[in-house]
Amino acid sequence: MGTAAAYYLSRHPKFGPHIDIHIVEACEIAAGASGKAGGFMAKNWHRAPTASLAALSFDLHEQLSNEHGGEKRWGYRKVTTLQLDVNRNSRKSKTIPGVAWVDGATHSEYVQNSLYSNPGSNLRGMFNVL
């Protein structure tokens, strides 16, 4: 959160050489939980009160990757994700092409609007472009 805040503050129209931004960390950037999170994000898997925030966050991750070479610098990549509802006792179970290991799926859909980005590398990459 701090690295992202510093990044966006440094791009504010009123930012200039007369303003200093300080990031305070206990030991190093991304050393804690924010640098070790899963890194998976889906744009449209949220319900109302967080749907707009999730969509904005997804779009900003894509924009940052495009502007700063996120594929090479922090492992950003778009991925196709399989969303499943599973009930092993359901009589409506169906087979999902290409996913033979799933047993008991009652609903599935492939979702295009998902991404992976290595959280620690992402935070260090954003810090390095400040």
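The values are calculated or read from the model by the stated rules, or taken from the named source; none is laboratory data. Just so you know, these numbers come straight off a predicted model, no measurement behind them. Neighbour counts are summed over all protein chains in view; Cβ atoms, including those assigned to glycine, are modelled from backbone coordinates with ideal geometry. Surface areas here come from the heavy atoms of the whole protein model, side chains and all, with no ligands, DNA or RNA. Shrake-Rupley method; radii C 1.70, N 1.55, O 1.52, S 1.80 Å.
In this structure the amide hydrogen of residue 84, modeled in the peptide plane, comes within under 5 Å of no amide hydrogen from residues 5 or more places off or on another chain. A 1.4 Å probe run over the range 1-48, with the rest of the protein chains in place, finds 77 Å² accessible per residue.
Could you please put 8, 116, 110 in sequence from largest to smallest accessible area, using a 1.4 Å probe?
Putting 8, 116, 110 in descending order of accessible area: 110, 8, 116.
Treating r as the C-beta distance of residue 130 and residue 56 and R0 as 25 Å, the FRET efficiency rounds to 0.75. For labels at residue 40 and residue 24 in the simple 7 Å Cα→Cβ model, what's the distance in nm? The answer from the label model is 3.6 nm.
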